[in-house]
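First comes the structure, then the notes that go with it.
The values are calculated or read from the model by the stated rules, or taken from the named source; none is laboratory data. On a predicted model such as this, the values are computed, not experimentally measured, just so you know. Methodologically, a virtual Cβ is constructed for each residue, glycine included, from the backbone with ideal geometry; neighbour enumeration extends over all protein chains shown. Protein only, heavy atoms only, side chains kept; ligands, DNA and RNA dropped before computing areas. Shrake-Rupley method; radii C 1.70, N 1.55, O 1.52, S 1.80 Å.
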Amino acid sequence: MNKVEIKDGVYWVGAIDWNLRDFHGYATPGGTTYNAYIVKDSKTALVDTVKAGFFDELQSRVEPITDMGAIDYVIVNHVEPDHTGSLPRVMEVAPDATVIATEKGAEELPMYYDCGGWEIQTVKTGDTISLGEKTLSFVETPMLHWPDNMVTYIPEDHLLLSNDAFGQHIASSKRYADEVSGILNDAATYYANILMLFSPLITKTLQKIIGMGIEIDMIAPSHGMIWRDSGVGDILDAYRGWSSGESNDTAIVVYATMWGSTEKMAAAIEQGIIDAGFEVKVYNLGKSEWSKIIREILEAKIILVGSPTINNGMFPSVGGFLTYLRGLRPKGKVGSAFGSYGWAGGAVKAITGELEKTGVTVVEPLSVKFVPGADDLAACAELAGKVVDAAETRER
Ligand code: FEO
């Protein structure tokens with residue numbers, strides 16, 4: 001097996017998971033990778049491991065570089081099992097290695113694994129370990145993605161080993177972002193579904209890393225492709241934009257329908273948005289992946305959600321989607337609720353409540369009895385115009 005050297009003495013030794021289709025609720029039709037890295041110097045460090053079940057693949061990539069028993073340090077940037085599932089197997093073959101983790105990480109590890117006999121050393125921001133010519137420098141990045149997270153920076157190589165941050169869920173035999181088309185879109189989907197909730201903290205963390213004045217010419221995350229050359233600036237810019245809530249003149253219309261009435265309303269709203277000059281993307285929840293819709297919401301100014309009333313409330317698919325959306329807390333969106341009802345109604349009120357709890361500014365929700373007529377469809381188009389106006393006013 002050929003070695004994959006990403007910097008002089010730094011090797012990718014990860015695993016490719018072609019078959020992952022769901023990452024705690026986030027659809028991953030393109031699979032993923034669990035990236036780990038060997039940093040070889042007078043001493044040798046393994047930065048992150050791989051998910052349980054992929055140890056043999058990790059080992060087969062490490063062995064051409066070094067005997068696994070010769071690993072001096074295992075850096076646990078993050079305890080989540082997609083990165084530590086193979087740690088017990090690593091410690092079996094490298095029992096003298098010292099595990100390096102944040103204080104939170106050291107607290108969490110024994111909750112997952114029998115760490116008896118492991119030497120665990122905690123580090124905090126600014127701490128370093130010399131491997132000889134190379135230095136491992138640690139920066140705590142709590143909630144990016146768990147409280148235990150940190151990143152490892154190698155100043156001599158201008159290399160940031162960023163764990164979950166800057167990752168993408170994509171399986172590929174390629175290793176670099178510039179070798180894979182549409183990679184920023186994959187990074188956006190990943191950000192939207194995993195990190196959007198933590199956007200305020202990400203803004204602060206980026207400021208912390210950039211404020212340290214460190215030079216970065218490669219970012220090697222623990223999922224997906226490695227950013228190099230101009231890709232480093234591209235992904236840093238993208239994170240700056242996503243975490244600060246930058247958005248486009250786009251509206252996302254999400255709906256469920258029973259006998260087609262709410263779908264007719266969605267179509268009239270769609271046209272109203274187009275006429276108001278915004279781009280629109282429309283998703284029937286019965287036919288669309290939530291993860292894809294969430295990715296689109298990340299960069300949109302507007303979200304409109306529709307449901308017919310069933311059992312005095314909204315469709316379960318709409319309720320589930322709104323629960324997922326609320327958890328991710330998109331910033332600065334304007335929107336509305338719409339839907340048809342037969343007698344008592346209830347869906348539009350329920351959607352409005354959920355959108356407000358999510359932090360969406362809700363404009364004049366609209367209900368229609370049974371089947372929308374021409375006046376009702378005109379009201380839908382009017383609602384679309386009002387929501388676009390509200391989004392534009394908010395911008396100014
Ligand atoms: Fe890739 Fe938060 O684990």
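Rounded to the nearest 5, what % of the DSSP beta bridges within the chain are antiparallel ones?
About 40 percent, rounded to the nearest 5.
Say each of T203 and T122 gets a label point 7 Å from the Cα, pointing the same way as Cα to Cβ; how far apart are those two points in nm?
Roughly 3.0 nm, to one decimal.
What are the ³J(HN,Hα) values, in whole Hz, obtained from phi via the Karplus relation 6.51 cos²θ - 1.76 cosθ + 1.60 with θ = phi - 60°, for each residue of the range 23-32 in sequence order, with x given for Gly and Pro?
3J(HN,Hα) across the range 23-32, in whole Hz: 10, 5, x, 9, 5, 10, x, x, x, 7.
Averaged over all directions, how much area does the convex hull of the C-alpha atoms of the range 248-390 cover when projected, in nm²?
Seen from a random direction, the Cα hull of the range 248-390 projects 7.1 nm² on average.
Rounding to the nearest 10 and keeping the result within 0 to 90°, find how far the Cα-based axis of helix 316-328 lies from the longest principal axis of the chain.
Once rounded, the angle reads 50 degrees.
Whole-Hz Karplus ³J(HN,Hα) for the range 131-144, in order, using 6.51 cos²θ - 1.76 cosθ + 1.60 and θ = phi - 60°, x for Gly and Pro?
9, x, 6, 9, 10, 9, 10, 10, 10, 5, 10, x, 6, 10
Could you give me the radius of gyration and the Dmax of the range 120-242, taking only the C-alpha atoms into account and expressing both in angstrom?
14.0, 40
So who's got an amide H within less than 5 Å of the one on K333, skipping anything under 5 residues away but keeping other chains? H placed 1.01 Å off N, in plane.
T361
Taking a spot 7 Å from the Cα of F370 along the direction of its beta carbon, which residues of the range 270-310 have an amide N less than 19 Å from it?
308-310
Assuming 1.002 mPa s and 20 °C, estimate D for the range 249-330 with Stokes-Einstein, Rh taken as the Kirkwood radius over Cα pairs, in µm²/s.
166
Measure out, as a whole number of angstrom, how far apart the alpha-carbon centroids of the range 89-108 and the range 113-168 sit.
Taking the Cα centre of the range 113-168 as reference, the centre of the range 89-108 is 12 Å away.
So what's the gap between the Cα centers of the range 376-393 and the range 232-274, to the nearest angstrom?
14
Say each of H24 and E289 gets a label point 7 Å from the Cα, pointing the same way as Cα to Cβ; how far apart are those two points in nm?
Between H24 and E289, the simple spin-label model gives 1.9 nm.
Name the residues whose placed amide hydrogens come within less than 5 Å of the amide hydrogen of I75, ignoring near sequence neighbours (fewer than 5 apart) on the same chain.
L46, V47, D48, I100
If we restrict to alpha carbons, what Rg and Dmax does the range 121-185 come to, in Å?
Values for the range 121-185 (Cα only, Rg and Dmax): 14.2, 40 Å.
In the chain, how does Rg compare with the Kirkwood Rh, expressed as the Rg/Rh ratio over alpha carbon atoms?
Reported Rg/Rh, Kirkwood definition of Rh: 1.06.
Compare M314, M225, M111 by solvent-accessible area with a 1.4 Å probe and give them largest first, with all protein chains kept in place.
Solvent-accessible surface, decreasing: M111, M314, M225.
Just read off the accessible area of K369 with the full protein assembly in place, 1.4 Å probe, to the nearest 10 Å².
Counting only protein heavy atoms, the figure is 110 Å².
So if each residue of separation counts as 0.36 nm, and I subtract the Cα-Cα distance between W343 and R240, what length gain in nm does that give?
Stretched fully, the W343-R240 segment lengthens by 32.3 nm.
Mind giving me the nanometre distance, one decimal, between the label points for R396 and N248, set 7 Å out from Cα along Cα→Cβ?
Roughly 2.4 nm, to one decimal.
For D67 and S230 in one chain, what is 0.36 nm times their gap in residues minus the Cα-Cα distance, to one decimal in nm?
Net length gain for the segment: 55.2 nm.
Tabulate in residue order the Karplus-calculated ³J(HN,Hα) for the range 332-343, using 6.51 cos²θ - 1.76 cosθ + 1.60 with θ = phi - 60°, rounded to whole Hz; enter x for Gly and Pro.
Residue by residue, the range 332-343 yields x, 8, 10, x, 7, 10, 8, x, 9, 8, x, 9 Hz.
If amide H atoms are built 1.01 Å from N in the plane of the peptide, which residues on other chains or at least 5 residues away come under 5 Å of the amide H of F338?
Sorted by chain and number, the residues that satisfy this are V305, G306, S307, L366.
May I ask you to derive the FRET efficiency for K43 and N185 from their Cβ-Cβ distance with R0 = 30 Å, giving the value to the nearest 0.05?
Rounded to the nearest 0.05, the efficiency is 0.15.
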